[in-house]
Amino acid sequence: MENYRLNEKDTAKLLKNCRLGSPLYIFDTVTSTFDKIKEYPRLEGLTVAAKIQTAGRGRLGRSWSSEEGGVYFSFNLTPDVSPEEAAFATITCALGTVKALREYGSCSIKWPNDIVMNGKKICGILTTMTTNGSKLDYICVGTGINVNKDSFDESLPHASSIKLETGREQNENKVLASVLKSIEKVYTSYTKERILEEYSENCITIGSDVTVHYTDGRGDFTGKSLGITESGALVVQNGNNTVTVGSGEVSVRGLYGYV
Ligand code: BTN
C-alpha cells in the first residue's frame, strides 16, 4: 500500500536528479526546520523536513502552526547574487510552489508568498538570508504546506489544507517532491523576466484593491496594486500617490474576509 506519510525513502526516490532535496533529512519532530538545518553544512539543495514543529516560525514574527498533517521544510540556496538581489528568491520560490500545488487544485499567490486555494491559505514561505560583510552567504527558504491537516485552531479562520479543499488525503512525499522539483526548475531555468511575468499572472494581489498596513505608526494606505518591482516589492497606487512595499502586511479586498 502507498505510504502517504512523509518519509525519506519515498521522497528521495521521487527526487532523483533534483539538486534541491539532495541531501534530504526528514524528522518526526523538530523545534523548527530553520533550527535543525543549521546543524548541517550550508550546501545548496540540502533540505531538512519535519512532520511536526514545536516552535514553527512565520512571517512578521508570528508563529507557524505545525501539527501533524503538514509538510514543513527548509532548504539552502547559494546564488551568486548581492544581498539586494536575494530578495528575489522569495518570488522565485513562491512561483515554483504555486506551479506545483496547482496539480491539486486551482491556487494563486497572495503577495509576497502565501499560496491560496479557494480563498484559503494552504502554504506559507519565509526566506532568511545570511550575509558575510557586503556579500550574500546563503539563503534559507522555509516552507510550510498544510497537506493533510483536518482542522485548524479558530484563531486561524483563513487557513486550510489541500485535503480539506480537495476532499482527498494526499501523498505528502509527492507534494514535497513536486514542490522542490518545481522550484528547482524555476530557479535554474527561468529568466528573471519570465519569473516576474508568471508571478504576476499567478498573483491574486496584483490588480486588486489592497490596504498596506504599516507597523511603524504610518497607519494604512489603500490603493490598487499595480505590480511588483525587479526586486519583488509591491507597487500600490492611489491617485498621485504611489508606494512600494518591500515586506509587510497587505490585505486584499475580497480575500480572507477583507472588504
Ligand atoms: C508565513 O508566515 O506565511 C510563512 C510560514 C513559513 C513556515 C515554514 S514551516 C518550515 C519553516 N520552519 C519554520 O519555522 N518556518 C518555516
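The values are calculated or read from the model by the stated rules, or taken from the named source; none is laboratory data. Given the structure is predicted, the values throughout are model-derived calculations rather than measurements. Here the Cβ is made from the backbone with ideal geometry for all residues, glycine too, and neighbour counts use every protein chain on show. We work out accessible area using only protein heavy atoms, side chains counted, and drop any ligands, DNA or RNA first. Shrake-Rupley method; radii C 1.70, N 1.55, O 1.52, S 1.80 Å.
Given the conditions (1) more than 13 Å from the ligand (Cβ to nearest atom); (2) assigned to a helix (DSSP H, G or I); (3) among the charged types (D, E, K, R); (4) touching a strand residue (DSSP E or B) at 6+ places or on another chain (Cβ under 7 Å), and given that Glu84 satisfies all but one, which numbered condition is not satisfied?
(4)
Taking Glu169 as the residue in question, decide whether it is part of a loop (DSSP other than H, G, I, E, B), modelled with pLDDT of 95 or more, assigned by TED's automatic domain parsing to the domain that holds Val48 and within 30 Å of Met1 (Cα to Cα).
yes
For the stretch 33-90, which positions are at positive phi and open to solvent by less than 40 Å² (accessible area, probe 1.4 Å)?
Scanning the stretch 33-90 gives Gly45, Gly69.
Which condition breaks for Gly144 when tested against (1) under 26 Å from Val245 (Cβ atoms); (2) modelled with pLDDT under 95; (3) assigned by TED's automatic domain parsing to the domain that holds Ile37?
(2)
Across the stretch 192-244, what is the total count of residues that are open to solvent by less than 60 Å² (accessible area, probe 1.4 Å), in a loop (DSSP other than H, G, I, E, B), farther than 20 Å from Val98 by Cα and free of Cβ contacts under 8 Å to residues at least 24 places away in the same chain?
2
Take the stretch 3-37 and flag every residue that is of a type in the set (A, V, I, L, M, F, W, C), in contact with a Ser or Thr (Cβ under 9 Å, 6 or more places away or on another chain) and part of a loop (DSSP other than H, G, I, E, B).
The answer is Leu15, Leu20.
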